[in-house]
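Quick note: the coordinates plus some simple rules give every number you see, no bench work behind them. Keep in mind that this is a model prediction, so the values were computed, not measured. Note that we place each Cβ from the backbone using ideal geometry, even for glycine, and neighbour counts take in every protein chain shown.
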Amino acid sequence: MVAEQFQSLLTVFSTQQATFMSRFVNEIAAKAFSANSAAILLFNKFDEKEKFTAYLNRFNIYTDLKKVTVDSEKAQLFCSSIGSKYYNNLAAFLSPSKPINALKFGDLTAAFKQMLTP
C-alpha cells in the first residue's frame, strides 16, 4: 500500500468514525431525555388536611429529587399534581386576566396560598 492510499484510507476512516460517534451521542442524549421525562410522575394531590406550606415543602423536595429545575416545568407539574378541584378553583380565582398556564411557579404558589387563605 502506498503512503497516499494509506492516508486516504485514514481520512475516510476518521470521517466515518466521527459521523458514527456524533449519531451515537445524539441517540444517547435523546434516550436520556425521554427516560428522565417519563420518570417524573405526578406529585400527591393537595389535601386541605395538610398545611399548604408543608405541601409546598414536600413538592419542592420532590422536584429537587427529580431534577425539575426549569420554572415553567415546575409550574406545570404543580398544576397537574394539585388535583382537578384545586386546579379549577385556582383558575377561577385568577380569572381570565391571569391564565394559569402563563404564571411563573412562584406567582402560581403565591396565588394558590392567597386563594386558600380567606
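Couple of notes before you dig in:
- Per-residue Cβ neighbour rank within 10 angstrom, fewest leading, 61, 40: 61, 40
- The simple spin-label model puts a point 7 Å past each Cα toward its Cβ; for residue 95 and residue 4 those points are separated by 8.2 nm.
- The tail of the calculated P(r) for segment 52-116, taken as Cα-Cα distances beyond 20 Å, holds 19 percent of the pairs.
- Theoretical gain in end-to-end length, residue 73 to residue 113 [0.36 nm per residue, Cα-Cα removed]: 12.5 nm
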